[in-house]
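To keep things clear, I will list the structure first and then write my remarks on it.
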Amino acid sequence: MRGVTNSPSKAPKLPRITDARFVAGATDESQLPPPTGVELAFAGRSNVGKSSLMNHLMGRRNLVRTSSTPGCTRQISFFEVSFTDGSLITLVDLPGYGYARRSKTERAMWAGLIEGYLLGRPTLSVVSLLIDFRRGLEADDLDLLKMLADEPRVARQPVQTLVVATKLDKVAAAQRKPAMLKVGKEAGRKVMPFSIKDQAMADGLWAELRRRAGLLIPTEPTPPHPSP
C-alpha cells in the first residue's frame, strides 16, 4: 500500500523504559528549557488523541494531561524518557491547534509559540504530526507540514517528519484499508497507523522514531556457530 506502513507482523525488540517524567513546561519561548539531547515532538489538532498516544508510548496512565475538553493544553511540555540501553529521549507535547472556541488572540499566541519552537529548536530531531484516522489531513495539518519544510532559524540537522494516523480502533476493520489509502495519498508520504489497543503499533512507532532520530535499536548478539 503506497505511503502507508501497516502494523508489523512481529514487534521489534525495544529497549525497556526505566523512567519517564515531566521536566518542564513553557508558555513562552523564554521559558523553554536548555536544548540538550534528542527531542521528539508531537503535534496535531485538538482532540486527535495526542495525550493518550504519548502516555501509551511512555507506559504511563496520566503523565501527559488528558481532557474531554479539546484545546486545554496551553503550554509546550517536556518529558524525559530513559531506556535500559542508556539512551535518554525527550518527548515534547505541543499545544493542540484548530480549536475554534479559543479567542483569535490566544490561537495566534499558540501558533507563534509552536512555530518558534519548531523552527528555532536546535535539538529537535523528529516531529510526529498526529491526524485523526477518520478525518484525514485537514488544512491546519497541511499548513504545519508546509511550515516544517521552511528554512530553520538555527543551524541543526534536518528535522524528520512523520505522519501518524490515530484512533484506528474507532473504525471498522473493513473500512480501514480504503481510509488508509486516502490518508497516504493526501499526505504524499509514509503514514503510520496507531491504536492504543495495539501494542505492536506502539512498538513499531517507537522503532521508527528511534530510527529517524539516529538511535538504533540494539541487536541481540548472534550466537556462535558450533565447532565442526
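Computed quantities for the displayed model
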| item | result |
| --- | --- |
| Segments 123-133, 159-169 sorted - mean Cβ within 10 Å per residue, highest first | 123-133, 159-169 |
| Mean separation of Cα contacts under 8 Å, 6 or more apart, over the residue count of segment 85-217: relative contact order % | 24 |
| Extension gain from A24 to K197, taking 0.36 nm per residue of separation minus the Cα-Cα distance | 59.4 nm |
| Residue order, fewest to most surrounding Cβ atoms within 10 angstrom, among K190, K50 | K190, K50 |
| Sequence-distant residues sharing a close amide H with L162 (under 5 Å, placed H) | V127, S128, L129 |
| Shape category assigned to segment 17-212 from the gyration tensor of Cα positions, a/c cut at 1.5 | rounded |
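Rule-based calculations on the coordinates, nothing more; no lab input. None of the values given here were measured: they were computed from a predicted structure. Glycine gets a Cβ as well: all are built from the backbone with ideal geometry, and neighbour counts include every protein chain shown.
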